[in-house]
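Asker: This is the structure I have questions about; it appears just below.
The values are calculated or read from the model by the stated rules, or taken from the named source; none is laboratory data. Remember, it's a predicted structure, so these values are computed and weren't measured experimentally. To get the accessible areas, we keep the full protein, side chains included, count just its heavy atoms, and leave off ligands, DNA and RNA. Shrake-Rupley method; radii C 1.70, N 1.55, O 1.52, S 1.80 Å.
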Amino acid sequence: LFCSTSASHMISASNCFAVLWVAVSLPGRLSAVTPQRLAQHSLSFPESLALNDWFVSGPAMSTESELVLNPGKLDDVSMAWSRFPIPSNDFEVKVDIAASVDEEDSMGGFLEYDGLAIWYVHENSDEASRIDSRNHKRAKKKKPGKGFDLFGFKGLYDGLGIFLFFDAGSPMITAVEGNGNKRVLREDVLGSPGGIGLYNAFHGDKAKGEITIKIRIDPYGVRIEVPGFGDMKVPVGLDGGGHLGFTALSARWDWEGEATARRVSLKRLEVLNHEAEQEETHTADVGLKDEELDEDDDYHEKEKEDAEENAEEAEGSKDEGTQEIVEEDQYTDMELEAEMEADELLRGSKTAGAKPSNGGAPALAPAQLRADVAALRTSIGQLTEEVKELRTGVEAHEAVTDNIDGKSEL
């Protein structure tokens, strides 16, 4: 029984959630499921001091007791991205976060982003590294209107973003799903319905400045819980094979204004796979004759040999498609950069009224700005068509090489 859920891609809290589980034991298979710790994705200190399985950048650094995501530095993005995909769509993430948040400092309005984000997305560490390079360039040049994208990552993400922000003296967690096609904006994150309020976790006499965030993902949806403060549910099914990542920053509007950065650290990360690992036993083979079992072994041996031959043939044609793929990647990067330029111009128009000013009504964006956005959108459409043509060419090339015995005649 599920109650009070929203069809929106945003988050809505539900007041009742009951599931009836039925355990069925099949002959010859294991019925009990014990969660398995995914060591490559989990972090504990000092054991994980080297962070060999993670891409880490910016001011982030590991110590004997924690991974410091933001040491209290303004206008600099920290990233920590798992190099390995999670091989399941039924798993659990537990993360312990500590933050030093001064209530008076967090009331200021000069910070565009102030907090951290937890990502489960299908963008890998190579994409995170590319975005990290862009972040460094923007932090160095500090051009007005050329700030960071969504919490130091990007608005066009494929998966789930969970956001902890300290804005306006009211710490809170929200979550927003991204489909990779529609850009998620800062306003979507801060204005998302539902969420978990964390004022008492970071402010007041009883505040400890530390929380545990539990994220449970299965084929039926996502449940996010902060023990002692509340929980929320995301009615969306997520595919397995995504990457776990973190970004943290305290970034000012247009690089200006007085502001104080927060110190944020990750104390511990535990990732557990709940997917059943069904194992065959010999129970189901009792009625088989010895000769039938021998034939089955011969079949699998032949299948293995065929797979090895196919792998060798595929390797021979791999290099020939490299140039086409490189060209396609170049056009994809151009398309992405054009989209970002358009979004930044449009964002400047939308958020002009939200930025701190010395008084008076905020000025509307000039007509030339809107014209520039329209031109960039047109360029994006043209680039998209060229990318589609390149992809069609690559697919045709692969089809030809697959049908010729190890030879390519383009």
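Asker: Over all directions, how big on average is the projection of the convex hull of the alpha-carbon atoms in segment 52-128, in square nanometres?
Answerer: One quarter of the hull surface, i.e. the mean projection, equals 6.8 nm².
Asker: In this model, which of 73/146; 140/267; 73/137; 146/267; 206/267 are farther than 25 Å apart at the alpha-carbon? Intermediate values should be presented prior to the final figure.
Answerer: Numbers: 73/146 19 Å; 140/267 30 Å; 73/137 17 Å; 146/267 32 Å; 206/267 20 Å.
140/267; 146/267, as the Cα separations exceed 25 Å there.
Asker: Once all Cα-Cα distances of segment 159-229 are split into 10 Å bins that start at 0, what whole-number percent is in each one?
Answerer: Cα pair-distance distribution for segment 159-229, in percent: 17, 47, 29, 7, 0.
Asker: When the Cα centres of segment 156-213 and segment 39-80 are compared, how far apart do they sit, in Å?
Answerer: 20
Asker: Can you put 63, 34, 247 in order of accessible area, largest first, using a 1.4 Å probe?
Answerer: Values: 63 40, 34 95, 247 0 Å².
Most to least solvent-accessible, the answer reads 34, 63, 247.
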